[in-house]
Each structure stands twice: as C-alpha cells, then as structure tokens.
1. Can you tell me which residue within the stretch 24-45, out of those that are within 20 Å of residue 79 (Cβ to Cβ) and not aliphatic (A, V, I, L, M), is surrounded by the fewest Cβ atoms within 10 Å (Cβ to Cβ)?
2. So which of 17, 91, 74 ends up being modelled with pLDDT of 90 or more and within 22 Å of residue 234 (Cβ to Cβ)?
3. Quick one: which residue in 36, 56, 61 is among the charged types (D, E, K, R) and touching a helix residue (DSSP H, G or I) at 6+ places or on another chain (Cβ under 8 Å)?
4. Taking the stretch 6-23, which residues are farther than 17 Å from residue 85 by Cβ and surrounded by 21 or more Cβ atoms within 10 Å (Cβ to Cβ)?
5. Give the residue, chosen from 31, 56, that is more than 29 Å from residue 237 (Cβ to Cβ), basic (Lys, Arg) and assigned to a loop (DSSP other than H, G, I, E, B).
6. Identify all residues within the stretch 117-155 that are among the small types (Gly, Ala, Ser), assigned to a helix (DSSP H, G or I) and more than 23 Å from residue 226 (Cα to Cα); write none if there are none.
7. Kindly evaluate residue 233 against the criterion of being in the same structural domain as residue 112 (by TED's automatic domain parsing) and within 19 Å of the chain's Cα centre (by Cα).
8. Taking only pairs six or more apart or across chains, which ones have beta-carbon atoms under 7 Å, a first residue in the stretch 17-32 that is in contact (Cβ under 8 Å) with a residue 24 or more places away in the chain, and a second residue that is of a type in the set (Lys, Arg)?
Amino acid sequence: MPVVTVVVALLAGLVAGAASRPLIFARAVPRGEPNRRACPTCAAAYPSPGLGGWLRATTGRCPSCHEKIGPAAGLAEVLTGAAFAALGAAGATGWVGAAQYWLLACGAVLTVIDLMVHRLPDVLTFPVSAGTLLLLCGAGLSGEPGSIGRVFTAAAVVTAFYLVLVLAGMGMGDVKLGPAVGALLGWSSWAAVFRGVFAGFVLAAAIALVLMLTGKATRKSHLAFGPYMVVGALAVSALSS
C-alpha cells in the first residue's frame, strides 16, 4: 500500500478525532443525565464558536477557566488517526472500505464514551448501523465481491445473539451496535462473522485478565465491551477483504 494512502488516512483520522471532541463531551454523561453543552466549572460554552474554538477544544481544557474538560489532549485525535492509518495500510478501498472507515470513525467516538461512562448512546449506535448497511448496499450494487444477502442475515443473527446475552449482563448499547458489526463481517463470509464476534470476546477477556492481575479491576467490575466489538470486527473484516 502506497505511503501516501496511509498518510492521507492518518490525517483524515486526526481531523475526525478532533471533530468528535464536542460530541464526546456532550454525550459522555451517566445514563439519564442531560447532555453537556458548557464547562461544568465556569459554564462557558464548549466548544467556543468558530474554527479557533474547535482547535482550542483539542487541548482537552476549557478555553475560559482552563480546567480539564472532555478527553485528554490528543486522545481522540491519536486514537482515530492511528486506527485510520492502520486501516489504510490494510488496503481498505471501495464501498466496503468506506463502510470500514465509517464504523471506525463512529466506533472511535463510542470507544472513548464507553470507556469514560460505560454507555453507547443511541445517537451514535443507530447511525453507525444504518450507515454501515447503506454503504454495503452500495458495495453490492457496484459489484464488489461479497454477499448483500448475508450482510442483512448476519446483522440480524449477531444482534439476536447479543440480545440473548443481555440476560448475562450485556448492555443494550452493545446490542444496538450489533447490526453494524454483523453486517460488516457478513459481507465477507460466515467464518468472518464467527471470528470477528469471537475476537471481541477474546480481546475483552484478555484486557479484563490484565486489569485483575494488576489490581485495577475485580471479577465484579464492569468492563466496557463496545471497544472490543469494534476492534474485533474491523480487524477480521480488514483481513478478510
């Protein structure tokens, strides 16, 4: 893959990460609480108007009182930029590539929010699933190799599987992310669906084990599962494309 493709993907990811900051700030609140639109310390509008306000937001501090606000400086930008670059290096192209980048862009925002407050807001889970399905329909209409029928079937199967796991403690936000995960994996094959879903559980289990061994979590601790769903699905999809 040409270096220029990776560089362009990296830059696009950095911009997407910076643009996501206001959304993360507004939605990273406990369930049931209203969205935030101003600094909780000084009540200044966040982000402040204009391009300058958007750029100042990337510092992770309030432009008025300079208190820490939103994700840490560089977190959203570096996370999204590195992930975009990795996807570009994997050769993501066409409509399927667009679906992968869409899931990644929304998934990066969901990852930060889930890690901060352990929830996946509907305002993101619904668009990520709808957008993924729409872009894969474009892949089917353009004749890219894959199965649009399997896309919708896998989306339904994976969502139903996660819905059953609600009885074991899975959150409904994870269930609502299921259509996007199932659809993207279903484009390639049923084997990809199995591997991608399984990869999410393996990653979550590995991180949980590390956290327990280091004393940062216990067996009763709640683990944000959304990030591992997204990473597992994208990794397997990229390798299967």
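1. Checking each candidate, the answer is 27.
2. Numbers: 91 fails: modelled with pLDDT of 90 or more; 74 fails: modelled with pLDDT of 90 or more.
Criteria check complete, one pass: 17.
3. Only one candidate qualifies: 36.
4. 21
5. Result: 31 is the single residue among 31, 56 that is more than 29 Å from residue 237 (Cβ to Cβ), basic (Lys, Arg) and assigned to a loop (DSSP other than H, G, I, E, B).
6. Across the stretch 117-155, the qualifying residues are 138, 139, 140, 149.
7. Yes, satisfied.
8. 25/36; 29/36; 31/119
The values are calculated or read from the model by the stated rules, or taken from the named source; none is laboratory data. Note that this is a predicted model, so its numbers are computed, not measured. Glycine also receives a Cβ, built like all others from the backbone with ideal geometry; neighbour counts cover every protein chain displayed.
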